[in-house]
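First the structure, in the form of structure tokens, and then the observations on it.
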Amino acid sequence: MYREFVDSAYGQALQYRKRRDRQFEIWWHGSLQTKGTRDSVSNLSFQKSVRKMMEDMGRKGPYKGPLFLELQFHPPEKNAPSIQNLAKHYLDLLMSPLPGLSLNRKKLLLQDDSQIHFLSCSYAPLVFEEGIRLRVHRLSDFFADLKLYQALRSGDFGDRVKDKEDEDDLFEDDHVDSWLDFQRDRKEWKNRLGEEGFVSYELMMQRFAQEQALKQRKIPLRALRGLFGTRHHGRRHHPMMKDVLLANASLSRFAYFHDLTAVDLGARPLIKGDSDLFKARVREGLEAYKKRIPLFSPLLVTVGVTIIYVPPVEAPKVDLDNLARKAIIPAVHEILEPPSSSLAGLQRLKAKHPEGSDIDEFIRRVEKMPPVQVAGYDILCAERLPDDPPNGSVKLLLHAGDAMRSTLTHLKDVLDEWERDVERD
């Protein structure tokens, strides 16, 4: 009887509500800082907000287990810091209390960077109040939410729950095909349109093709659980299921490591002196990718990045933030030059922005943003699979970027709507 209740829609909704209630979340408004622009008043204000939420939740000490952590930055209008430098600074503040905090322990919310197995950072210039949204989830709770999402999408509790992902057809390539056809007939189109018209039309077609290709290549929530491996699956120890789960994880990685949008960066730095070699390998990989896939040069749409890290057989734990911040994200900015906003992308088309008082504030704000910036990046530590190289690997996936719809926001939107429907029934 109890098992039936737990497995029912209402029982699953109650468990989801319990997980949601223990998620740590704050919205902090203040002046964003980095390591090079430290403002002790602003930093202390952030830590006090974290401490207050811990007190409100009854949390007496830092998290001890593996975590999913999200930082959504709402940057200032002028001199906006880069996303990777913001992430480093605020992760440090989540660990080490400042003297003015009057905290009788050595750590605030996190014990160590290596606790973070999934780091999600986004950069949302369209939010008009400067600050940060911070969310921290137990990794086990995050995977329980993904399991529930998969059950809802499969129709386990009645009608199959719909999601915006349903609109993304991996096999719909009409814009990409049109751009490739255009490239094959460049001379004919140039004669027909003239030089100036040809350039404008080519960029417009390229933008549509980029938008379609990148939208299709974002890892869907339904595949994310398998991409991590078998570690968080309830039947991972079942002798008949283990091989099936491993095969599913391998298939998920193969499906989304597509040459069109993926770059293999090799193993992470393992010994002293490897860091410079890794940085060089990242740059070489991105330069080669840029030459190999002309569709994305120049980038005309906002993009996001997912970094899949597979650890080596034997090595100390790695700080995911450092892996992204020191080598990967700066090279993506410098070599691929992703536009920081849709307006920045349109400016590369040499298109005039629309006129009207209702969008003046939007135009004014994004024009002051850095012209180059990823909309966000996810970096996750995946489980080793039997066919992984001994030294591990780092792979970069390029996809559509939407700073306001992060991985966690997407997941929570679907589950919250379902939970409200169950409550009404």
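The values are calculated or read from the model by the stated rules, or taken from the named source; none is laboratory data. This one's a predicted model, so the numbers in the text were calculated from it and none came from an experiment. Backbone-built Cβ (ideal geometry, glycine too); neighbour counts: all protein chains shown.
Tabulated data for the structure shown
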| item | result |
| --- | --- |
| Those residues of the stretch 10-51 which are of a type in the set (Ser, Thr, Tyr) and more than 23 Å from ARG424 (Cβ to Cβ), in sequence order | SER31, THR34, THR37, SER40, SER42, SER45, SER49 |
| From the options ILE308, ILE328, residue that is within 26 Å of ARG153 (Cα to Cα) and crowded, with 16+ Cβ neighbours inside 10 Å | ILE308 |
| Of residues in the stretch 152-176 being modelled with pLDDT of 85 or more and of a type outside the set (A, V, I, L, M, F, W, C), the one nearest to MET204 (Cα to Cα) | ARG153 |
| Unique residue being surrounded by fewer than 17 Cβ atoms within 10 Å (Cβ to Cβ) and of a type outside the set (Lys, Arg) when the list is VAL313, VAL303, VAL318 | VAL313 |
| Verdict on ARG105 being surrounded by fewer than 16 Cβ atoms within 10 Å (Cβ to Cβ) and either in a strand (DSSP E or B) or more than 16 Å from the chain's Cα centre (by Cα) (or both) | yes |
| Which listed residue, of ARG268, ARG283, is of a type in the set (D, E, K, R) and buried (at least 21 other Cβ atoms within 10 Å of the Cβ) | ARG268 |
| Sole exception among (1) farther than 25 Å from ASP378 by Cβ; (2) surrounded by 22 or more Cβ atoms within 10 Å (Cβ to Cβ); (3) small (Gly, Ala, Ser) for ALA87, by number | (1) |
| In the stretch 386-408, residue farthest from PHE257 (Cα to Cα) [restricted to those that are out of contact with any Gly (no Cβ under 6 Å at 6 or more places or on another chain) and part of a strand (DSSP E or B)] | ALA400 |
| Single residue of the stretch 331-350 satisfying the filter (of a type in the set (A, V, I, L, M) and at pLDDT below 90) that is surrounded by the fewest Cβ atoms within 10 Å (Cβ to Cβ) | LEU349 |
| Given (1) in contact with a Lys or Arg (Cβ under 8 Å, 6 or more places away or on another chain); (2) over 30 Å from LEU14 (Cβ atoms); (3) at pLDDT 85 or above, number of the condition TYR149 does not satisfy | (2) |
| Entirely in the stretch 180-261, the helices (runs of 4 or more DSSP H) that have 3 or more residues that are under 27 Å from TYR309 (Cα atoms) and modelled with pLDDT of 80 or more | 186-216, 221-228 |
| Residues satisfying the stated conditions in the stretch 262-284, i.e. small (Gly, Ala, Ser), in contact (Cβ under 8 Å) with a residue 60 or more places away in the chain and not in a loop (DSSP other than H, G, I, E, B) | ALA262 |
| Qualifying positions in the stretch 290-325 - basic (Lys, Arg) and more than 26 Å from ALA249 (Cβ to Cβ) | LYS290, LYS291, ARG292, ARG325 |
